[in-house]
Amino acid sequence: MQPAAAPPAQVGGGARHLDVAAVSKSYRGQKVIDRLDFEASRGELVSLLGPSGCGKTTLLRLIAGLVSADGGDIAIGGRSVTRTPAHRRNVSVVFQNYALFPHLNVRDNVAFGLRARGREIGARVDDALALVRMGAFADRAVAALSGGQQQRVAVARALVVEPDLLLLDEPFSALDRKLRETMQVELKTLLWARAITAVFVTHDQDEALAVSSRIAVMNAGRIEQYAAPGALYDRPATPFALDFVGLSTRIAGRARRRDGEAVEIETPYGIVRAPRPGTAPAEGAPVLIGVRPERIALADAEAAPDENRIAVRLADVMALGSRTHLHGAAEADDRLLCELPGMAQTVAPGAEVTLRWRVADTLLYPL
Amino acid sequence: MNAENRIALLAAPGLLYLAALYALPLALLLTESLRDAEGALSLAAYVEFFADPFNRGVLWRTLRVAALTTLLALALAYPTALALSRARGWAQTAILVAMVLPLSVGVIVKAFAWSILFRANGAINGALMGLGVIDAPIRMLFTETALIIGAANVFLPFMVLPIYAVMRQLSPALPEAAATLGAGPFFRFFRVTLPLTLPGVIAGAAFTFSLSVSMYVIPSLIVGERQQTLSMLIARSFLFLRDEQLGATISAILLLIAIAVVLGSSWLAARVTGGRP
C-alpha cells in the first residue's frame, strides 16, 4: 500500500459531484426516505451513519439505482440519473457481504464489470488486484478466501471499472475488530490516492469518524446533521446526533431566564448555564442539556465564573484503561457521565463529588 | 465405529426394504434377460430386440418424447421457479399451491380430462372452429404432441421444485452486484443467474426425463396402442405376449437409461459447480 496520502483539499463546499435533491421513497405506504437532500464533492469520502432502519441502506440503493425514487432527483457529475437503470449509472457498490460471484474465480470476478461493458481487459484486472495486494490470489476460488481478502477483491472489482462514484454498504461489519481497523486505513488511503468519491453506509460511529471527511447522521428517513467529524462531535445539532455519536451527559430541565450571553436552566441538580442560542428558549420551556464527558472534571478549587457545577453521588466508577468513566446517580432519563484520563483511583462509588465544566461546552436543545 | 458412522445405521431399515423389494427382483429380471434358450449367459435377447425396427422405433420415440417433455417442462418451469423465489407472502403461497396441488389429482383423472379437451368434438376443437380458425377438427388425441403436452403438465412440479430450491439460495445481491458493474438484464441472466441455478436445472431435468422415459399411464391413455413407448412395450410383453424375456430385456434397457441419466446428471452437476459446496 502507498504511504498515507493527504486528505482531499475539498471538504464539502466544492462542486457537487453527487447531488441528491428532495428524494423520497416509501415501501407499502411507509416513508423510508422523506424528501431528503444529500451531496458529496468530487474526491470526498462521506458516511451515512444511523441505526438500522433509519433508511441509510435505502438511500444507498437509491443512489446505486437498485431501487427507484418516488420523487426528487439524483445527479452524479452534473447528470441526472434518476431514471437511469443501475447498469448505466457507472456507480460501483461494495456490498455488505461482498456479493462476490461464487462460480467465478478472483480474476473473473474482477473482470466481470469490464466484460459486461465490453471493455478491453488487458492488464487492468492484474493492476486492480495488485492495488489491493491480491495479485497472488488471481486464480483462487472466492470461497477459499478469508473475509479480509474477499473485501479486497470486492473493492478491486468495484474500482476496475473506474466508477464515477463508489458506494460501500457496511463494508467492514463482517470483519473482526482488529482487521477492521487495518482495512479502514487501507481503504481510506487507497480511495484518497485515487481521488475517488465514495459514500460509506455504516451504523458504527467509530467507523464513520475514522474514514470520512463528512458524516450524515440519519434518523427515520431524514438527515439530522451533515458535518465534519469534529463539528459533529463537538456541536451535535440534535439530541439524536448527541446520543448517536459519542457518549454524553444529558440532563432534562427548564429554561429560566436569560443572563447576558447565557441562558439559565433549572435542573434536578441545580442551576446550569448554557451559551445563548440564536433563538433563546422561552421561560419555562423544557430543554435538554448535553455535555461531552471528557469536558467534565471533578471540582476541587473555587468556582470560576464561566463554569457549571453540580453535586452528585457516584453510582459507578468504571476504570477502562486509558480512561475512567464516572457515572453519577441521575434522575429519570438523565445521564451523568464524566470521563477522566487514565485509571482514576481517588474516587469510589458512593462518594459525593462535584462535577464542573465550562459554560461554553454546554449544549442546549429545545424539547 | 464412531458416532457419525453409527448414525448411518438409521438408514438400515429403509435400505433393507429397498434391497428385498427392489434390488432383488430387479436382479432376477436382469438375469432373465441375459439368458439364451438353453439358460446360458448370453446377449441374444438384446440382439434380437435391437434387430427389430419396430422396437428401435419405440425406443427412439420414448427418448424423443422424454427429451421434448423435459424441454417443454423446463421452458415453463424456469420462469415459474424464478417468480416463486422472488414472490413474497400470499403470491408465493398461491404459486406453490398451484404447483403442488395437481400432484394430488391422479394421473388417470387428468388423462381423461385431457381426452375431453383434445378429442375431435372436444373443447379445443370446438373453440377453434367457433372462432373460425379451422374448418374441420384437427386430430390431437393419439398424437405425440398431445402426449408431450400432457406429460409436461404432470411432471412440471418435478422440474419447478428443484430449480426453486436452488434459486431461493441465490442471494439477490449477486444479480444486483452484476447490475452495478454495468451488466444489463441479459448479461446478468446468462452470466450470473443461470450459471448459479444450473444445478437445479440439471436435477429437475434428470427427474423429469427419468419420469417421462418410464411413464406408462399417460401414454396408455393419451396415445394408446398406436404409438407405443418402452413401458407400454414391457407391459404388453408380460401381460399379452407372455414373453417374459422380452419384458425383462426392455426393463433392463429402461434401467440402463435411468442409470445413465443419474450418472450423467451428477457428472454435469459436479462440472457446473466446479467443486463448490
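Every number here is computed from the coordinates shown, using simple stated rules; none is lab data. Here the structure is a predicted model, which is why all the values come from computation and not from measurement. We place every Cβ from the backbone using ideal geometry, glycine too, and count neighbours over all the protein chains shown.
Ignore the peptide's own chain and count Cβ atoms of other chains within 10 Å of each Cβ in A:92-102; give me the average, rounded.
The per-residue average across the peptide is 5.
Quote the FRET efficiency, to the nearest 0.05, computed for A:E162 versus B:E48 with a Förster distance R0 of 60 Å and r equal to the Cβ-Cβ distance. Walk me through the numbers before you get to the answer.
Details: r = 70 Å, r/R0 = 1.17.
Calculated value: 0.30.
Please find the FRET efficiency linking A:S146 to B:R168, where r is the Cβ-Cβ separation and R0 is fixed at 35 Å, and quote it to the nearest 0.05.
The calculated FRET efficiency here is 0.80.
Taking segment A:81-114, which trypsin sites (Lys or Arg not before Pro) meet the DSSP loop condition and have no more than 15 other C-beta atoms within 10 Å?
Qualifying residues, ordered by number: A:R83.
Which of the chymotrypsin sites (Phe, Trp or Tyr not before Pro) found in segment B:168-276 are loop residues per DSSP with 10 or fewer other Cβ atoms within 10 Å of their Cβ?
Answer by residue number: B:F240.
How would chain B be classified by its alpha-carbon gyration tensor: rounded, prolate or oblate, with rounded meaning a/c under 1.5 and the a/b versus b/c comparison settling the rest? Walk me through the intermediate numbers first.
Details: a/c = 2.03, a/b = 1.16, b/c = 1.76.
Cα axes put chain B in the oblate bin.
What ranking do A:331-343, B:74-86, B:48-60, A:188-200 get when scored by the average of other Cβ atoms within 10 Å per residue, highest first?
On the way: A:331-343: 15.3, B:74-86: 18.2, B:48-60: 13.6, A:188-200: 20.4.
Descending packing order for the listed peptides: A:188-200, B:74-86, A:331-343, B:48-60.
Rounded to the nearest 20 debye, what is the charge dipole size of segment A:187-342 about its Cα centre when +1 sits on each Lys and Arg Cβ and -1 on each Asp and Glu Cβ?
460 debye
Summing +1 for each Lys or Arg and -1 for each Asp or Glu, what net charge is found among the other residues whose Cβ lies under 12 Å from the Cβ of A:T182?
+3
Let me know the mean shielding of B:181-192 by other chains, meaning the per-residue number of their Cβ atoms within 10 Å of its Cβ.
Taking the mean over all residues of the peptide, I get 6.
How many nm is it between the label spots at A:R309 and A:A22, if each spot is 7 Å from the Cα in line with the beta carbon?
5.4 nm
Under the Karplus relation 6.51 cos²θ - 1.76 cosθ + 1.60, θ = phi - 60°, what is the ordered set of whole-Hz ³J(HN,Hα) values for segment B:186-191, x standing for Gly and Pro?
Running phi through 6.51 cos²θ - 1.76 cosθ + 1.60 with θ = phi - 60° gives 5, 4, 4, 5, 7, 9 Hz.
Considering chain A as a Gaussian network with a 10 Å cut-off on Cα pairs, which listed residue, A:M318, A:M183, A:M134, attains the greatest mean-square fluctuation?
A:M318
Between B:R86 and B:F112, what is the label-point separation in nm under the 7 Å Cα-to-beta-carbon projection?
Label at B:F112, label at B:R86, 4.1 nm between them.
First measure r as the distance between the Cβ atoms of B:D243 and B:E144, then evaluate 1/(1 + (r/R0)^6) with R0 = 22 Å and state the FRET efficiency to the nearest 0.05.
That gives a FRET efficiency of 0.25.
Count the net charge of all other residues whose Cβ sits under 15 Å from the Cβ of B:F189, scoring Lys and Arg as +1 and Asp and Glu as -1.
+3
Summarise the partner chain shielding of A:111-118 as one whole number: the mean count of Cβ atoms from other chains within 10 Å of each residue's Cβ.
5
How big is the Cα convex hull of the protein assembly as shown in projection, averaged over all directions, in nm²?
Taking the Cα atoms of the protein assembly as shown, their convex hull projects to 46.0 nm² on average.
For segment A:248-366, with the dipole built from +1 on Lys and Arg beta-carbon atoms and -1 on Asp and Glu ones, taken about the Cα centre, which of A:A351, A:P275, A:A330 lies farthest toward the positive end?
Of A:A351, A:P275, A:A330, it is A:P275.
Pull out the extension gain between A:T279 and A:A15, defined as 0.36 nm times the separation in residues minus the alpha carbon to alpha carbon distance; nm, one decimal.
Answer, rounded to one decimal: 91.9 nm.
Considering lysine pairs in the protein assembly as shown that are 8 or more places apart or on different chains, how many have Cα atoms under 29 Å apart?
On the way: A:K25/A:K56; A:K31/A:K56; A:K56/A:K178; A:K56/A:K188; A:K178/A:K188.
Taking the Cα cut-off of 29 Å, the pair count is 5.
Taking the Cβ of A:P268 as the center, what net charge do the other residues with Cβ under 13 Å away carry, scoring Lys and Arg +1 and Asp and Glu -1?
0
Taking amide hydrogens as modeled 1.01 Å from N in the peptide plane, which residues meet the under 5 Å criterion relative to A:L48, leaving out close sequence neighbours?
Sorted by chain and number, the residues that satisfy this are A:F200, A:V201, A:T202, A:A216.
Using a 10 angstrom cutoff on alpha carbons, build the Gaussian network for chain B and name the most mobile of B:T93, B:T62, B:T197.
Maximum fluctuation in the GNM of chain B, among the listed residues, is at B:T93.
Hey, what number do you get for the protein assembly as shown at 222 nm if only DSSP H runs of n ≥ 4 count, each worth -39500 (n - 2.57), divided across all residues, to the nearest 500?
For the protein assembly as shown, the value works out to -13000 deg cm²/dmol.
Please work out how much length the chain gains when fully extended from B:W267 to B:L71, using 0.36 nm per residue of separation minus the C-alpha to C-alpha distance, in nm with one decimal.
68.6 nm
For B:A37 and B:E225 in one chain, what is 0.36 nm times their gap in residues minus the Cα-Cα distance, to one decimal in nm?
My answer for the length gained is 64.8 nm.
Considering Cα pairs under 8 angstrom that are at least six residues apart, work out the relative contact order of chain A and quote it in whole percent.
Computed value for chain A: 15 percent relative contact order.
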